[in-house]
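Trainee: Take a look at the following structure, please.
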Amino acid sequence: MVRCSANVPPVMTKCKTRFIFVTGGVVSSLGKGIAAASLAALFEARGLTVTMQKLDPYLNVDPGTMSPFQHGEVFVTDDGAETDLDLGHYERFTHATMSKRSNFTSGRIYESVIRRERRGDYLGATVQVIPHVTNAIKEAILSLRTDAADIALVEIGGTVGDIESQPFLEAIRQLRFELGRKSTAFMHLTLVPYIASAGEIKTKPTQHSVQKLREIGIQPDVLLCRTERDIPQSQKDKIALFCNVAREAVIEAPDVDTIYGVPLSLRGGRLGSILLEHFGLPDNEPDISSWEDICHRIRNAKYELHIAMVGKYIGLADAYKSVNEALFHGGMSNNVKICIDYIDAEFLESEGTDCLRNVHGILVPGGFGERGTEGKIAAIRFARENKIPYLGICLGMQMAVVEFARHVAAIEGATSSEFDSESEHPVIALMTEWETEGERVQRSINDDMGGTMRLGGYPCRLTENTTTHTAYGKDEIRERHRHRYEFNNTYRERLQAAGLVVAGELPDGSLVEIIEVRDHPWFVACQFHPEFLSRPYAPHPLFAGFVAAAKQCSGA
Ligand code: GLN
């Protein structure tokens with residue numbers, strides 16, 4: 001396989017990125033993102049390089065402003081983009097690193113078109129969905145060529161037939177025309193439901209969904225049929241004939257007990273082989289041993305651990321998607337099954353912390369706003385005083401600092417200025433609220449951090465002889481951030497004198513990134529989001545360490 005060199009413009013090299021466009025039909029929530037990511041994993045298992053992209057039809061410029069209740073978690077890339085949670089699946093299933101190029105919404109596309117129109121770039125032309133918006137979409141897709149991957153998988157959000165996704169579908173239709181059949185493939189994910197009263201599976205929704213695609217000029221090359229039951233060959237033949245798709249390219253995607261079983265399940269259907277044949281690429285035997293190992297660990301965990309997740313968005317499991325997955329990865333590395341007990345922080349405020357008595361570990365994840373924070377502080381105090389392993393993430397770290405300040409360092413009324421801008425003791429605050437001008441000038445990091453979010457990857461230097469240093473086994477790490485408020489350095493000495501351990505800081509020492517408490521089996525809280533870097537094949541050290549401590553404390 002010819003590889004591109006990153007600093008050679010793609011058009012000048014022999015390397016050619018093949019595009020697979022993934023659409024969905026019939027209903028949403030069929031697991032398009034996981035199917036695409038699993039297919040990418042199977043290509044990687046053959047030694048190919050992959051990159052991925054999600055195109056979202058909604059009008060928000062990015063999901064950063066959307067409520068986690070609406071849209072699930074916001075996934076943050078190393079280069080600081082706030083993106084769709086599907087990018088989390090892409091990174092967890094592959095070794096590819098997502099970037100600002102990996103997620104475009106209609107809002108972001110329209111914003112760029114309107115900005116160009118205002119600048120006069122269109123030279124007086126009437127600016128229209130076709131060709132101006134579709135051209136901008138094509139540009140966004142083709143920008144993936146800079147990743148120099150062998151295969152780029154592009155997932156179109158939404159369901160075929162929606163008004164919103166039409167410009168995206170038109171753009172990929174045009175790309176097929178322009179790049180040719182050997183460089184593009186259309187994969188369509190549909191539902192083949194089982195109708196219990198008739199005792200039959202039904203192919204009609206799939207036929208209609210493919211008809212919709214063909215109306216706009218897209219003929220799928222592969223159909224991935226989500227199903228609860230086996231699809232008999234006769235029904236697959238029927239789908240093939242009526243949808244104009246090769247018989248072997250009608251592939252069953254049955255429900256599996258774990259999402260990490262999907263790559264192995266798709267391999268059985270020869271999905272990767274069929275697409276490689278389509279592209280005229282050699283199809284070598286994939287090395288699926290790491291996926292087999294992952295599934296073996298998940299299916300053979302003997303012991304159950306209960307981890308309490310104390311948050312605000314507990315009504316929707318997707319709101320903490322990456323945290324959930326990172327906990328499961330920590331379980332895999334310790335051969336235990338993780339059961340997450342979601343606990344509404346406000347419930348703790350009214351009912352007390354009794355419900356935490358039987359859990360093996362407590363985790364407070366990231367969050368915004370004051371609601372439920374006193375409940376989180378109560379949970380953290382409970383973990384600290386009862387020596388229950390604790391992992392605090394972002395707001396979970398900030399609240400651990402507040403808890404320590406109030407109850408150990410006796411700083412009465414300590415809080416975050418996010419909740420009380422007039423507070424006498426803002427132990428967590430905006431940098432502009434506590435920094436001196438001289439410090440600000442000396443600081444080598446981004447200057448716009450004061451009032452806006454600190455987003456994306458930052459280095460962090462770890463302190464020797466700390467739980468964190470042992471967990472990572474190295475001196476410097478890089479982790480992803482998404483927050484406005486910081487540990488207030490004005491209180492650093494006072495809190496350290498009371499026993500708080502600073503286990504990690506920005507390499508220039510200007511910001512506290514990780515804290516621990518002493519004389520506790522495992523109490524680590526970090527300002528960044530370690531969950532974004534956890535992989536099933538490489539569980540994150542903090543999650544692996546936290547689960548190991550929970551396992552040990554449980555006596556397992
Ligand atoms: N609300 C806090 C801040 O903005 C924490 C954010 C988070 O947990 N991601 O600093």
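Trainee: Return the only residue of A549, A556 being modelled with pLDDT of 95 or more and more than 25 Å from the chain's Cα centre (by Cα).
Mentor: Selected residue: A549, the only one of A549, A556 that is modelled with pLDDT of 95 or more and more than 25 Å from the chain's Cα centre (by Cα).
Trainee: Looking for whichever is within 16 Å of the ligand (Cβ to nearest atom), in contact (Cβ under 8 Å) with a residue 12 or more places away in the chain and surrounded by fewer than 24 Cβ atoms within 10 Å (Cβ to Cβ) here; the options are G375, G369, G392, G396. Which one fits?
Mentor: On the way: G375 fails: surrounded by fewer than 24 Cβ atoms within 10 Å (Cβ to Cβ); G392 fails: surrounded by fewer than 24 Cβ atoms within 10 Å (Cβ to Cβ); G396 fails: surrounded by fewer than 24 Cβ atoms within 10 Å (Cβ to Cβ).
Being within 16 Å of the ligand (Cβ to nearest atom), in contact (Cβ under 8 Å) with a residue 12 or more places away in the chain and surrounded by fewer than 24 Cβ atoms within 10 Å (Cβ to Cβ) holds for just one of G375, G369, G392, G396, which is G369.
Trainee: All but one of (1) modelled with pLDDT under 95; (2) part of a helix (DSSP H, G or I) hold for A240; which doesn't?
Mentor: (1)
Trainee: Mind listing whichever residues of region 399-421 are in contact with a Ser or Thr (Cβ under 8 Å, 6 or more places away or on another chain) and away from the ligand (no atom under 16 Å from the Cβ)?
Mentor: G413, the sole residue that qualifies.
Trainee: Identify all residues within region 378-389 that are part of a helix (DSSP H, G or I) and more than 16 Å from the ligand (Cβ to nearest atom); write none if there are none.
Mentor: Selection gives A378, R381, F382, A383, R384, E385.
Trainee: Which members of region 298-317 meet the condition of being within 22 Å of the chain's Cα centre (by Cα) and within 21 Å of Y537 (Cβ to Cβ)?
Mentor: Let us first name the residues in region 298-317 that are within 22 Å of the chain's Cα centre (by Cα), namely 298, 307-317.
Within region 298-317, just I298 meets the criteria.
Trainee: Looking only at region 464-489, which residues are surrounded by 15 or more Cβ atoms within 10 Å (Cβ to Cβ), more than 16 Å from the ligand (Cβ to nearest atom) and farther than 20 Å from A549 by Cα?
Mentor: Step one: of region 464-489, the residues surrounded by 15 or more Cβ atoms within 10 Å (Cβ to Cβ) are 466-469, 471-472, 477, 479-489.
Next, only the ones that are more than 16 Å from the ligand (Cβ to nearest atom) stay: 466-469, 471-472, 477.
Within region 464-489, I477 is the sole residue that qualifies.
Trainee: Considering only region 45-63, state which residues are in contact (Cβ under 8 Å) with a residue 60 or more places away in the chain and either β-branched (V, I, T) or over 27 Å from E170 (Cα atoms) (or both).
Mentor: Selection gives A45, R46, G47, L48, T49, V50, T51.
Trainee: Of the residues in region 143-164, how many are crowded, with 21+ Cβ neighbours inside 10 Å and in contact with a Ser or Thr (Cβ under 9 Å, 6 or more places away or on another chain)?
Mentor: Total satisfying the criteria: 13.
Trainee: Exactly one of these conditions fails for G509: (1) modelled with pLDDT under 95; (2) open to solvent by 10 Å² or more (accessible area, probe 1.4 Å); (3) within 15 Å of the ligand (Cβ to nearest atom); (4) farther than 17 Å from I377 by Cα. Give me its number.
Mentor: Going through the list (1) modelled with pLDDT under 95; (2) open to solvent by 10 Å² or more (accessible area, probe 1.4 Å); (3) within 15 Å of the ligand (Cβ to nearest atom); (4) farther than 17 Å from I377 by Cα, G509 breaks only (3).
Trainee: Ok, one more. Do we find that T146 is within 30 Å of R480 (Cβ to Cβ), of a type in the set (S, T, Y) and either out of contact with any helix residue (DSSP H, G or I) (no Cβ under 9 Å at 6 or more places or on another chain) or modelled with pLDDT under 95 (or both) in this structure?
Mentor: yes
Trainee: What number of residues within region 367-408 are at pLDDT 95 or above, closer than 25 Å to R484 by Cα and small (G, A, S)?
Mentor: 7
Trainee: Whether any residue in region 55-71 is touching a Leu at 6+ places or on another chain (Cβ under 9 Å), closer than 24 Å to R484 by Cα, among the charged types (D, E, K, R) and modelled with pLDDT under 95 is what I want to check. Outline the logic, then answer.
Mentor: Filtering region 55-71 down to residues touching a Leu at 6+ places or on another chain (Cβ under 9 Å) leaves 63-64, 68-71.
Still in the list and also closer than 24 Å to R484 by Cα: 63-64, 68-71.
So of that shortlist, the ones also among the charged types (D, E, K, R) come out as none.
No, region 55-71 contains no residue that is touching a Leu at 6+ places or on another chain (Cβ under 9 Å), closer than 24 Å to R484 by Cα, among the charged types (D, E, K, R) and modelled with pLDDT under 95.
Trainee: Going through E370, E325 one at a time, which residue ends up being closer than 24 Å to V76 by Cβ and assigned to a helix (DSSP H, G or I)? Don't jump to the end; show me each part of the working.
Mentor: Working: E370 fails: assigned to a helix (DSSP H, G or I).
Just one listed residue meets the conditions, E325.
Trainee: Could you please give the count of residues in region 59-89 that are polar (S, T, N, Q) and buried (at least 18 other Cβ atoms within 10 Å of the Cβ)?
Mentor: The number of residues fulfilling the criteria is 2.
Trainee: Right, something else. Among A400, A410, A383, which is the only one that is over 21 Å from P68 (Cα atoms) and more than 30 Å from the chain's Cα centre (by Cα)?
Mentor: Only one candidate qualifies: A410.
Trainee: While we're looking at this one, here's another question. Can you find even one residue in region 109-119 that is touching a residue at least 60 places away in the same chain (Cβ under 8 Å) and buried (at least 21 other Cβ atoms within 10 Å of the Cβ)?
Mentor: No.
Trainee: Within region 294-318, work out how many residues are open to solvent by 10 Å² or more (accessible area, probe 1.4 Å) and either hydrophobic (A, V, I, L, M, F, W, C) or touching a residue at least 60 places away in the same chain (Cβ under 8 Å) (or both).
Mentor: 10
Trainee: Right, something else. If you go through region 443-459 one residue at a time, do you hit one that is in a loop (DSSP other than H, G, I, E, B), at pLDDT 95 or above and open to solvent by less than 10 Å² (accessible area, probe 1.4 Å)?
Mentor: no
Trainee: Which one is farthest from E248 (Cα to Cα), of the residues in region 210-223 that are under 31 Å from the mean Cα position of the chain (by Cα) and open to solvent by 10 Å² or more (accessible area, probe 1.4 Å)?
Mentor: From region 210-223, those under 31 Å from the mean Cα position of the chain (by Cα) are 210, 212-213, 218-223; that's our starting set.
Restricting the remaining residues to those that are open to solvent by 10 Å² or more (accessible area, probe 1.4 Å) gives 212, 219, 221.
Details: K212: 22, Q219: 16, D221: 10 Å.
Filtering first and then ranking leaves K212.
Yes/no matrix, rows are residues, columns are (1) within 20 Å of F543 (Cα to Cα); (2) out of contact with any Leu (no Cβ under 7 Å at 6 or more places or on another chain); (3) at pLDDT 95 or above; (4) open to solvent by less than 20 Å² (accessible area, probe 1.4 Å):
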residue: E493; (1), (2), (3), (4): no, yes, yes, no
residue: A498; (1), (2), (3), (4): no, yes, yes, no
residue: A503; (1), (2), (3), (4): yes, no, yes, yes
residue: E516; (1), (2), (3), (4): yes, yes, yes, yes
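Trainee: Give just the number: which of (1) more than 26 Å from T49 (Cα to Cα); (2) surrounded by 19 or more Cβ atoms within 10 Å (Cβ to Cβ) does Y122 not satisfy?
Mentor: Of everything listed in (1) more than 26 Å from T49 (Cα to Cα); (2) surrounded by 19 or more Cβ atoms within 10 Å (Cβ to Cβ), Y122 misses just condition (2).
Trainee: Here's a check for you: in region 261-282, which residue that is over 16 Å from L223 (Cβ atoms) and under 26 Å from the mean Cα position of the chain (by Cα) is modelled with the lowest pLDDT?
Mentor: Across region 261-282, the extreme among qualifying residues is R267.
Trainee: Next question, about the same structure. When you check K204 against the structure, is it touching a His at 6+ places or on another chain (Cβ under 9 Å) and open to solvent by 40 Å² or more (accessible area, probe 1.4 Å), yes or no?
Mentor: Working: touching a His at 6+ places or on another chain (Cβ under 9 Å): no; open to solvent by 40 Å² or more (accessible area, probe 1.4 Å): yes.
Taking the combined requirement at face value, the residue does not satisfy it.
The values are calculated or read from the model by the stated rules, or taken from the named source; none is laboratory data. Keep in mind that this is a model prediction, so the values were computed, not measured. All Cβ positions, glycine included, derive from the backbone under ideal geometry; neighbour counts span all protein chains shown. Quick note on the areas: whole protein, heavy atoms, side chains included, nothing else; ligands and nucleic acids left out. Shrake-Rupley method; radii C 1.70, N 1.55, O 1.52, S 1.80 Å.
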